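No value in this document is a laboratory result; all are computed from the given coordinates. Values in this document were obtained by computation on a predicted structure and should not be read as measured data. Here the Cβ positions follow ideal geometry from the backbone for every residue, glycine too, while neighbour counts run over all protein chains shown.
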Amino acid sequence: MIGYVTIGVHDMAKAKAFYSELLADLGASVLMDMGRIAFIGKSMKEPLLGICVPWDEQDPAPGNGNMFAISAGSKEMADKLYHKAIELGASCEGKPGQRIPDMFYGAYVRDPDGNKMTFYVFR
C-alpha cells in the first residue's frame with residue numbers, strides 16, 4: 001500500500017550521498033533525481049524513499065517536507081481516494097492532476113491532523 005515516503009533535507013548533495021551509501025547494501029540507488037527531490041529505492045515498482053528540499057523552502061523539520069504516498073493503481077482511483085478524503089474531513093493540498101508529463105499523476109491532501117499524503121500513479 002505505501003508507495004514512497006519523503007523526508008525534508010537541508011543539503012541535497014549530502015543527503016543523496018548519505019542515503020545512497022546507507023541503502024546500497026539493500027540494492028537501492030537514486031532512481032530519479034529532479035534537483036529539489038530525488039527518489040531512492042530498488043525499482044519504481046517498489047516503495048521508495050524521497051529526499052527533498054521542502055517546497056516552501058522553510059526548515060525541513062519533521063512534518064515539513066514529510067509526506068506519505070499511497071499507490072492508487074489508476075488515475076480514476078487516485079481521483080476517487082482524493083474526493084473521499086475531502087469528504088471525510090481532509091483539506092486539499094493539490095487537486096488531482098498530471099504532475100510530470102506521461103510519468104506521474106497525483107492528488108494531495110492533509111488529513112484532519114495535518115499529515116500530508118498523496119494518492120498517485122507512476123507510469
Set Lys75/Lys116; Lys14/Lys95; Lys80/Lys116; Lys16/Lys75 screened for pairs whose C-alpha atoms are more than 23 Å apart: Lys14/Lys95; Lys16/Lys75
Could you give log10 I(q)/I(0) at q = 0.28, 0.29 Å⁻¹ for the range 1-65, computed by the Debye formula over C-alpha point scatterers of equal weight, without solvent? -1.24, -1.28
What's the extension gain from Ala13 to Asn115 if we count 0.36 nm per residue and subtract their Cα-Cα distance? 34.1 nm
Taking the chain as the reference, fit the longest principal axis to its C-alpha atoms, fit the long axis of helix 75-87 to the helix C-alpha atoms, and give the angle between the two in degrees, 0 to 90, nearest 10. 70
Be a star and scan the range 37-64 for residues whose amide nitrogen sits under 15 Å from the point 7 Å along the Cα-to-Cβ vector of Ser91. 64
Two-site label geometry, Ala61 and Ile100: point separation in nm, points 7 Å out along Cα→Cβ: 3.0
Once the Cα gyration tensor of the range 72-123 is diagonalised, semi-axes √(5λ) in Å: 19, 11, 8
Using just the alpha carbons, could you tell me how many Å³ per residue the convex hull of the chain encloses? 102
